[in-house]
Structures are given as C-alpha cells and as structure tokens.
1. PHE117 passes all but one of (1) surrounded by 13 or more Cβ atoms within 10 Å (Cβ to Cβ); (2) touching a residue at least 40 places away in the same chain (Cβ under 8 Å); (3) more than 28 Å from GLY4 (Cα to Cα); which number fails?
2. Assuming THR16 fulfils every condition listed in (1) surrounded by 18 or more Cβ atoms within 10 Å (Cβ to Cβ); (2) in contact (Cβ under 8 Å) with a residue 40 or more places away in the chain apart from one, which condition is it?
3. Pull up the stretch 121-148, narrow it to residues that are touching a Lys or Arg at 6+ places or on another chain (Cβ under 8 Å) and acidic (Asp, Glu), then point me to the one that is surrounded by the fewest Cβ atoms within 10 Å (Cβ to Cβ).
4. Does the stretch 122-169 hold any residues that are touching a Cys at 6+ places or on another chain (Cβ under 9 Å) and in a helix (DSSP H, G or I), and which are they?
5. Is there a residue in the stretch 88-99 that is under 26 Å from VAL229 (Cβ atoms), more than 15 Å from the chain's Cα centre (by Cα) and of a type in the set (Lys, Arg)?
6. Looking only at the stretch 108-121, count how many residues are of a type in the set (Phe, Trp, Tyr) and assigned to a loop (DSSP other than H, G, I, E, B).
7. Which numbered condition trips up GLU151, out of (1) crowded, with 17+ Cβ neighbours inside 10 Å; (2) of a type outside the set (Val, Ile, Thr); (3) out of contact with any Leu (no Cβ under 6 Å at 6 or more places or on another chain)?
Amino acid sequence: MRYGLALPNGGVDPQTMADLAALAEASGWDGVFVEDYIVYQGDQNVPTFDPWVLLAAMAMRTRRVRLGTQITPLARRRPWKVACEATTLDHLSNGRVILGVGLGDNISINDVGFTAFGEEMDARRRAKMLDEALDIIAGLWSGEPFGYDGEFYHVKEVKLLPRPVQTPRIPIWIGGAYPLQGPVQRATRWDGSCLYKNKTHYMLPEDVRTLKALVEGQRGASAHYDISVGGSPRRDDWDEERAYIKSLAEAGITWWIEYVPPDDLDKMRARTARGPLRID
C-alpha cells in the first residue's frame, strides 16, 4: 500500500507548496496530491493558486513521489486543455502523474468557482460533461487522430503530440460519494477511485470490499486498479487511526491519503515531516 499527502491549493504560496512536496518526498510519502479550486472552498478572502502550476513546481523539486489532483472538476475545465496540461506535467515529472477527477463540490456550499463564472450548476448535466470530457482526454492522449461529437463537446479530428510518458495513459482516478450509482459506475470504467462515504465521509472496510468486488467483476481480478481512501487530517489518536488504516488495507485499498489543511506553516511542515502513519 502507498501513502499520499493531500495539500490545499489555497492559502499557501507556490514556493512553499514546492518546498512541502520536497519535504514530503524526503519524509517517506509516496504521493502528493493537490486540490483544484478556482476560489478556495468558496472563500474569496483566501489566496488561491492554479493546481497545475503548483504541480509543475513540485515536479521540479521531486524525483520519486507521484503527483496529481484530487480532484479536478472537469465540467469547469476544457478537456483538451487538461489533456495538454497533464501530458506536459507527465513529461516534466518523468511519468509520475495521476489525474483525479469528479463533479466538484456540491452546489449547496456555494462554490464560487462555479457560481461566479456562469459554470454549469445542474449535477446531472455536469456528470454528462464529465463523462464526455474523460472520453476526449483519453482519446487525445492516444497520440492518434481523434474526433468527438457529443452533447456538450465537439472535436474535429486532430492529433495531439507528444503522448504522455505513461502507457497506455496517465492513470485516471474518479472521485465522488460512495455508494451513489453515478460515481461508482464511473469509477469502475477508469483506473482507480478516490471516493468518500456519502454523508459520513469515512469509507468502511465493507465498502471497500464491495467496491473491489464490483471492479473485479467488471474488469477481472488480475487487472490493476487503485482504490484510494482517506482525505482527512490525521486523528489525534494515532493508534485508532492506524487500526482504521489497517482494516481498510486488509479490505483492499492501495492508497491511503492524509490531508494537511491550510494552517500555520510550521504546523503544515511538521505534519508533512512526520511522514505517513504506516501499518507495516
């Protein structure tokens, strides 16, 4: 099992984010993931930085850790631009990118990144946009002539080079609320999941086992598939946290993600430097 660190793209300047990524690598983390907000969690008083530029800075300061987003709301990003950005980052990092995608935050929290810019608010339409965007990104990553004619996106036949470093493509992880049908079915079609439990946030071992069985039923037991779980700060009781992680690992997760919220920089550095709470 691998251990990832999730960082905010708001409240921390780009140079410090690059420093934290370098510190994470030196401290034994296996991946560093960045949130993707236009206005950080809807708070217009928090400085917010572009996640792709942050990840590029991180790539220049690291050599080993995987890098990615958790998650990019594709309905407010042009899929061909995301395809190009992710490919560029994959080359810059020598094949260390993971693309995490989803619908974006529930509109009930008033995500200004949607409301202020006239983005699509209807969740069903956003879901269709997400599925179309994923098909386009995967098609453009093929390096072959690709065209698309969907409900929301239209691409005249075009070839984008270079292809990503990773083959057959950059891994795509799907985020969303488990066990809602849309996110779960979408997750089984791609390369991994970074789902959270609906209403309670915390996935349980039985949830992981059910998800794993569903994936294996559709893709076969031998197909590689990542199940990423977590996304919350570490609990005060480390023994309780370790027992929880172990129960999920035994159920089949492949990544545990710990979130470091924007805070006093000394606290953020300390939480990064202590390294992952390994169970082995």
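1. Of (1) surrounded by 13 or more Cβ atoms within 10 Å (Cβ to Cβ); (2) touching a residue at least 40 places away in the same chain (Cβ under 8 Å); (3) more than 28 Å from GLY4 (Cα to Cα), only one is false for PHE117: (1).
2. Tallying (1) surrounded by 18 or more Cβ atoms within 10 Å (Cβ to Cβ); (2) in contact (Cβ under 8 Å) with a residue 40 or more places away in the chain, THR16 fails exactly one: (1).
3. GLU144
4. Once the filter is applied, which keeps residues that are touching a Cys at 6+ places or on another chain (Cβ under 9 Å) and in a helix (DSSP H, G or I), the stretch 122-169 yields only LEU140.
5. Step one: of the stretch 88-99, the residues under 26 Å from VAL229 (Cβ atoms) are 89-90, 93, 95-99.
Next, only the ones that are more than 15 Å from the chain's Cα centre (by Cα) stay: 93, 95.
Still in the list and also of a type in the set (Lys, Arg): none.
The answer is no, given that none of the residues of the stretch 88-99 is under 26 Å from VAL229 (Cβ atoms), more than 15 Å from the chain's Cα centre (by Cα) and of a type in the set (Lys, Arg).
6. Qualifying residue count, the stretch 108-121: 1.
7. Of the numbered conditions (1) crowded, with 17+ Cβ neighbours inside 10 Å; (2) of a type outside the set (Val, Ile, Thr); (3) out of contact with any Leu (no Cβ under 6 Å at 6 or more places or on another chain), the odd one out for GLU151 is (1).
Residue-by-condition table, conditions (1) touching a Ser or Thr at 6+ places or on another chain (Cβ under 9 Å); (2) on the phi > 0 side of the Ramachandran plot; (3) of a type in the set (Phe, Trp, Tyr); (4) free of Cβ contacts under 8 Å to residues at least 12 places away in the same chain:
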position	(1), (2), (3), (4)
LYS197	no, no, no, no
ASP207	no, no, no, no
GLY220	no, yes, no, yes
ALA223	no, no, no, yes
TRP238	no, no, yes, no
ALA243	no, no, no, yes
GLU250	no, no, no, no
ILE257	yes, no, no, no
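Taken together, the values in this text are just the output of simple stated rules run on the coordinates, not laboratory data. These figures come from a predicted structure and were not determined experimentally. Every residue, glycine as well, gets a Cβ built from its backbone with ideal geometry; the counts of neighbours run over all protein chains shown.
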